[in-house]
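Bear in mind these aren't lab numbers, they're just calculated from the coordinates by the rules spelled out. For clarity, every value in this text was computed on a predicted model and none was experimentally measured. Virtual Cβ from ideal backbone geometry, glycine too; neighbours counted across all protein chains shown.
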Amino acid sequence: MIIFVVVGRFGKSLTVSKVEPFLATGKVSKVYIFRQEAGFPVEGAEYITLPELLLNLKPAWLSKAIRFLYEPLQLLRYTIMLKPNLINGVFTLPKGLNSTVVGKITKTHSVVSVVGGIVEITTRLPFIDFWEKLNLWMLKSCSAVTTKGHVVTNYLIYKGIPKDKIFTLNGSIDTTKFAYKPDIAKDIDILFVGNFSRLKGPDRVLKVISNLSKEIPDIKAVLIGHGDLFKSMKQMIIELNLQNQVELPGYIDHPETLFQRSKCILIPSESEGLPTCMLEGMSCGCVPVVSEVGNIIEAALHETNAMVVKDYTDINSFICNAKKLLTNDALRNQMAQNAIHTVQEKYSIKKQAKIVNDIIEFLSIKN
């Protein structure tokens, strides 16, 4: 089989997590990855990227507008030329929509992956009713749908998407790369990985660290990522006098060593699907302290392999739960082992490949 995976500007590690389960089925000879720029090399896969001229075009709004028109035409051209068996659009708008429309035109199976929470369907855009109806039309029109858990799945069934065409497919975690290393010291207390935005809450992470530092003065934290709040986060660190406790290394291509060195990963997000960074951390024995949003509790079980906070704005609960883990090594180590087991049992490449195989069999029946 030939598979197209359309990811746009999806992160490099996230892209790999979506591609590897297809290759691991043994039924796929080639995956073509449609991404803005080439990411990590994957054996059996090839990147199809956007022209550099288009990416460097100024002003930025013009580049974005032309990309919006170019990407579906590029996908259509390659679909006609290479005749894939399946097009997987990751995220609803615009990748899922492009994949569905091109699939309809060329009579190719299309799979749309909903990777966020319900808000990915309803959107935060003006004219919510219009976007929700467009997304639901797309999900009814494509050949199959994947979600990251029952919260979104149940919502889609309620909205009329047939249950038999919905599959829970997160994407895989490479448990050999993201693995607990007993010879690597856990010398980072708190890790944050994500976009520096109000949605993800790195400012909330700093508030937690600031409070914890009063009782754990030698606390060490690393916040990985970039975004709109990066400059203000630097200033906030100075204002809270955390220069000796917090590092901001920016975006990192290979964060696995930092996961392996970390005791806890803090994710106080307002909205999530099922964060891959959380699963990568869990696989490395890094215990999550997370807000109960999206499909997080599909993997994060409170006081079993994670600490789950009901309200993402409840800073005190994040502080209390992080403190429990940082001051009780026995508790944290037991939960870390449970976290590792969870990822191995549900999110390894082999386990996720079984779900992809189910999707392929479902589509073969529809032919």
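Before moving on, here are some points about what is shown:
- Multiplying the residue separation of Q334 and Q243 by 0.36 nm and subtracting their alpha-carbon distance yields 29.6 nm.
- Those trypsin sites (Lys or Arg not before Pro) in the stretch 202-246 that DSSP places in a loop and that have at most 11 other beta carbons within 10 Å: K214
- For the stretch 209-225, 3J(HN,Hα) per residue [Karplus equation, 6.51 cos²θ - 1.76 cosθ + 1.60, θ = phi - 60°, Hz, x = Gly/Pro]: 4, 4, 5, 5, 5, 5, 9, 10, x, 9, 4, 10, 9, 10, 10, 9, x
- Theoretical FRET efficiency, 1/(1+(r/R0)^6), r = Cβ-Cβ of F130 and K159, R0 25 Å, to 0.05: 0.95
- 0 to 90° range, to nearest 10: angle between helix 230-239 axis and the chain longest Cα axis: 10 degrees
- Relative contact order of the chain, pairs being alpha-carbon contacts under 8 Å that are 6 or more residues apart, as %: 16 percent
- Charge dipole (the stretch 188-346, unit charges on Cβ, about Cα centre) - positive-most of M236, N295, N316: M236
- Computed [θ] at 222 nm, helices only, for the chain once each DSSP H run of length n ≥ 4 contributes -39500 (n - 2.57): -13500 deg cm²/dmol
- Summary value for the stretch 188-346: 23 percent relative contact order, contacts being C-alpha pairs under 8 angstrom separated by 6+ residues.
- From the coordinates shown, Cα extents along the principal axes in Å corresponds to which of (i) 99, 53, 39; (ii) 62, 46, 39; (iii) 69, 66, 42: (ii)
- Vicinal HN-Hα couplings computed from phi for the stretch 285-297 (Karplus, 6.51 cos²θ - 1.76 cosθ + 1.60; Hz; Gly/Pro x): x, 9, 7, x, 10, 9, 7, 7, 10, x, 9, 4, 6
- Unit charges on C-beta of K, R, D, E only; dipole of the stretch 188-346, Debye: 300 debye
- Between the listed residues L331, G225, L169, the Cα displaced farthest toward the positive end of the dipole of the chain, a dipole computed from Cβ unit charges relative to the Cα centre, is found at L169.
- With respect to the chain, whose longest principal axis is taken over its alpha-carbon atoms, helix 97-106 is tilted by about 20°.
- The residue list G281, V205, N195 was ranked by how far each Cα lies along the charge dipole of the stretch 188-346 toward its positive end, using unit charges on Cβ atoms, and V205 comes out on top.
- Inter-part distance where the stretch 105-163 and the stretch 1-41 are each reduced to a Cα centre, Å: 21 Å
- This ranking places W137, W61 by how few other beta-carbon atoms lie within 10 Å of each, fewest first, which gives W61, W137.
- Dipole magnitude for the chain: computed about the Cα centre from +1 point charges on Lys and Arg Cβ and -1 point charges on Asp and Glu Cβ, it is near 1000 debye.
- Rounded to 5, percent antiparallel among DSSP beta bridges of the chain: 0 percent
- Angle between the chain longest axis and helix 349-366 axis [Cα atoms, degrees, rounded to 10]: 20 degrees
- Calculated on the alpha-carbon coordinates, the convex hull of the stretch 188-346 measures out at 96 cubic angstrom per residue.
- Under the Karplus curve 6.51 cos²θ - 1.76 cosθ + 1.60, θ = phi - 60°, whole-Hz ³J(HN,Hα) for the stretch 82-91, x wherever Gly or Pro sits: 9, 6, x, 7, 7, 10, 9, x, 9, 5
- Inter-label distance, K104 to T257: 5.0 nm, where each label sits 7 Å from its Cα along the C-beta direction.
- Each of K58 and R198 was given a label point 7 Å from its Cα along the Cα-to-Cβ line. The distance between the two points is 3.0 nm.
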